[in-house]
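*Asks:* Dumping the structure here so I can ask a few things about it.
Just so you know, all these numbers are worked out from the coordinates, no wet-lab data involved. Since we're looking at a predicted model, the values are computed, not measured. Neighbour counts run over all protein chains shown; Cβ positions are idealised from the backbone, glycine included.
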Amino acid sequence: MTIAIVTDSTSDLSPELRGQYGIRSVPLYVHFGGQMYKDGIDITPADLFAGIKAGQKTPSTSQPSPAEFAAVYEEALRSADEVLSIHISGLLSGTVGSARLAAQDFGGRVTVMDSRSASLGLGMQALRAAQRAAEGRPMADIVGELERVAAKTDIRFTVDTLDFLRANGRIGGATALLGGLLNIKPILTVKAGRVEAAGRVRGSKKVVQDLVDHIRKYVEAHGGARVTFLSTLGGEATRQEIRDGLRGVAFEDLGDHFIGAVIATHVGPGTVGAALEPLTA
């Protein structure tokens, strides 16, 4: 039985990586300047931040329709026996709900999963699923492994400002960090599918140290880890500082990734962090 993997654009996987593993992606939408754009196709984070800087209203986002998912499933099932469709947390977006509605028309051949994560937390789950499918693993085994991985997936990141999360209603339990002192940097995580506060530190150097320490502890606690480093525009230098602080730490490095337009809408420029999952579930 062959299995095709479908995800959505909030996985923030590059087209090259998706192509390498045969992962299909359904784009979400960014509503900006009176227009609706497909994430990763019609708009980039650079377009987004330039427009906001020029005075345009903060954009909003929306999920694909069930019909858009159905079209991708139909195409995938021409060459595969089943589809595993993995998506951004249902507490952050209605995307997984649209996918589930579409799946009802395929007679049990499409399995939909809520990653309970976002960005590269979702992306790493999609990559793992594609790798297991390529090994010939059955659907039940892949789903079981992903469920175990999802419970241990960790994203830790910082933003330059909480204004973007607040404007789009995605701040979750991080409201405690609002109104902080000058130069206080929030440390955030995605926990049980929501953005939550993980702490706060003073100054950029302590942000780097917090993230380095967290990654080290995660790798040690899990006997190894798969790690992706992520940022929006403006976060590249800090991302490299985190990498430099991890010299000598052994982990499976899944590379540097830029956050796409939909997630960038919610976190803003200068965001930087890492997504982590155990090597084995």
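*Asks:* Along the positive direction of the dipole of the chain (beta-carbon charges: Lys, Arg +1; Asp, Glu -1; about the Cα centre), which of Phe32, Ile242, Ile259 reaches farthest?
*Replies:* So the residue furthest toward the plus end is Ile242.
*Asks:* OK, next. Work out the charge dipole of the chain with +1 on the Cβ of Lys and Arg and -1 on the Cβ of Asp and Glu about the Cα centre, then indicate which of Ser9, Ser89, Pro64 is farthest towards its positive end.
*Replies:* Selected residue: Ser89.
*Asks:* Return the inverse of the average 1/r over all pairs of distinct C-alpha atoms in segment 1-135, which is the Kirkwood hydrodynamic radius, in Å to one decimal. Intermediate results must be reported in sequence, preceding the final value.
*Replies:* On the way: mean 1/r = 0.0655 Å⁻¹.
So the Kirkwood estimate lands at 15.3 Å.
*Asks:* Quick one: net charge around Met113, please, counting Lys, Arg +1 and Asp, Glu -1 for every other residue with C-beta under 14 Å from its C-beta. Walk me through the numbers on the way to the answer.
*Replies:* Details: positive: Arg100, Arg116, Arg128, Arg132, Arg148; negative: Asp8, Glu82, Asp114, Asp141, Glu145, Glu147.
That works out to -1.
*Asks:* Under unit Cβ charges (Lys, Arg +1; Asp, Glu -1), what dipole magnitude, rounded to 20 debye, does the chain have relative to its Cα centre? Please report the intermediate quantities before stating the final value.
*Replies:* Numbers: 30 positive and 31 negative charges, 181 e Å.
With only Lys, Arg, Asp and Glu charged at Cβ, the dipole is about 860 debye.
*Asks:* OK, next. How large is the charge dipole for segment 154-278, taken about the Cα centre, if only the Cβ atoms of Lys, Arg (+1) and Asp, Glu (-1) carry charge, to the nearest 20 debye?
*Replies:* Dipole magnitude for segment 154-278 comes out near 380 debye.
*Asks:* What area, in nm² and to one decimal, does the C-alpha convex hull of segment 154-278 cast on average over all directions? Let's see the in-between values first.
*Replies:* Details: hull surface 28.3 nm².
Taking a quarter of the hull surface, the average projection is 7.1 nm².
*Asks:* Using the Cβ atoms and a cut-off under 10 Å, what net charge is assigned to the surroundings of Ala129, where Lys and Arg are +1 and Asp and Glu are -1?
*Replies:* Numbers: positive: Arg128, Arg132, Arg137; negative: Glu145.
Net local charge, Ala129 excluded: +2.
*Asks:* If you don't mind, there's one more thing I want to ask. By DSSP, what percent of the beta bridges with both residues in the chain are antiparallel, rounded to the nearest 5? Can you show the working numbers first?
*Replies:* On the way: 30 of 49 bridges.
Within the chain, antiparallel bridges account for around 60 percent of the total.
*Asks:* Now for a different question. Based on the Kirkwood radius over alpha-carbon pairs, what is the Stokes-Einstein translational diffusion coefficient of the chain at 37 °C with 0.692 mPa s viscosity, in µm²/s? It would help to have the intermediate numbers written out before the result.
*Replies:* Working: Rh = 19.0 Å.
Diffusion coefficient, whole number: 173 µm²/s.
*Asks:* Can I ask one more? If the limit is 21 Å between Cα atoms, which of Lys152/Lys205; Lys185/Lys205; Lys57/Lys205 go over it? Before the final figure, lay out the partial values.
*Replies:* On the way: Lys152/Lys205 27 Å; Lys185/Lys205 10 Å; Lys57/Lys205 32 Å.
Flagged as over cut-off: Lys152/Lys205; Lys57/Lys205.
*Asks:* Angle check, please: helix 204-221 long axis (alpha carbons) against the longest principal axis of the chain (alpha carbons), in degrees 0 to 90, nearest 10.
*Replies:* Taking the Cα atoms of the chain, the angle to 204-221 is about 40 degrees.
*Asks:* Placing unit charges on C-beta atoms (Lys and Arg positive, Asp and Glu negative, everything else neutral), compute the dipole magnitude of segment 40-176 about its Cα centre in debye, rounded to 20. Could the numbers behind the result be given before it?
*Replies:* Numbers: 14 positive and 16 negative charges, 92 e Å.
The calculated dipole for segment 40-176 is roughly 440 debye.
*Asks:* Which is farthest toward the positive dipole end of segment 56-151 among Val110, Leu146, Ala76, measuring Cα position about the Cα centre, with Cβ charges +1 (Lys, Arg) and -1 (Asp, Glu)?
*Replies:* Final value for the positive-end residue is Leu146.
*Asks:* Between the helical axis of 236-245 and the dominant principal axis of the chain, each derived from Cα atoms, what acute angle in degrees is found, rounded to the nearest 10?
*Replies:* So the inclination is approximately 90 degrees.
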